[in-house]
Amino acid sequence: MKKLLAGTVLQLACAAPLAALDAWSLEKCSIYSKAWRSYAAGLPDLSERFRASNEAFIASGCQARVSACPASGTELETADQLSLIMVMEGAPGSFLPFACSGHFPAGH
């Protein structure tokens, strides 16, 4: 009985922070999605790979750890601008999908 009571108290204590985290996660994803679509629409030079990685990130509710690697100057500028927007909105850098495995963007 003590274990059941302790488990119930623990669940109740944790419920509010988890709900707040979910709301913040949804808000961050909404902000990112709007910013991405605004930038991507005006930049035909973005590669299909970079676009697909960002779209996969958004489709996952911004939860999947994808590697959207900016491989051109335009993509790097887009990643920089999106990063700046998200940090100004209060999102940590770890939220963002930008990563390059073992290589750097062209020209950098």
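The values are calculated or read from the model by the stated rules, or taken from the named source; none is laboratory data. Here the structure is a predicted model, which means the values were calculated and not measured. We place every Cβ from the backbone using ideal geometry, glycine too, and count neighbours over all the protein chains shown.
Where the second residue is surrounded by 13 or more Cβ atoms within 10 Å (Cβ to Cβ) and not hydrophobic (A, V, I, L, M, F, W, C) and the first is more than 26 Å from ALA23 (Cα to Cα) and lies in region 48-75, which pairs have Cβ atoms under 6 Å and are six or more apart or on separate chains? Close Cβ pairs (under 6 Å, with a partner that is surrounded by 13 or more Cβ atoms within 10 Å (Cβ to Cβ) and not hydrophobic (A, V, I, L, M, F, W, C)) amount to PHE50/GLU75; PRO70/PRO105; ALA71/PRO105.
Tell me which residues, restricted to region 52-71, are within 12 Å of CYS100 (Cβ to Cβ) and either polar (S, T, N, Q) or part of a helix (DSSP H, G or I) (or both). Matches in region 52-71: SER53, SER67.
So, in region 59-70, of the ones that are surrounded by 18 or more Cβ atoms within 10 Å (Cβ to Cβ) and aliphatic (A, V, I, L, M), which residue ends up modelled with the lowest pLDDT? Give the derivation first.
Pass one, region 59-70, residues surrounded by 18 or more Cβ atoms within 10 Å (Cβ to Cβ): 62, 66, 68-70.
Retained after the next criterion (residues that are aliphatic (A, V, I, L, M)): 66, 68.
Numbers: VAL66: 90, ALA68: 95.
Per the criteria, the residue is VAL66.
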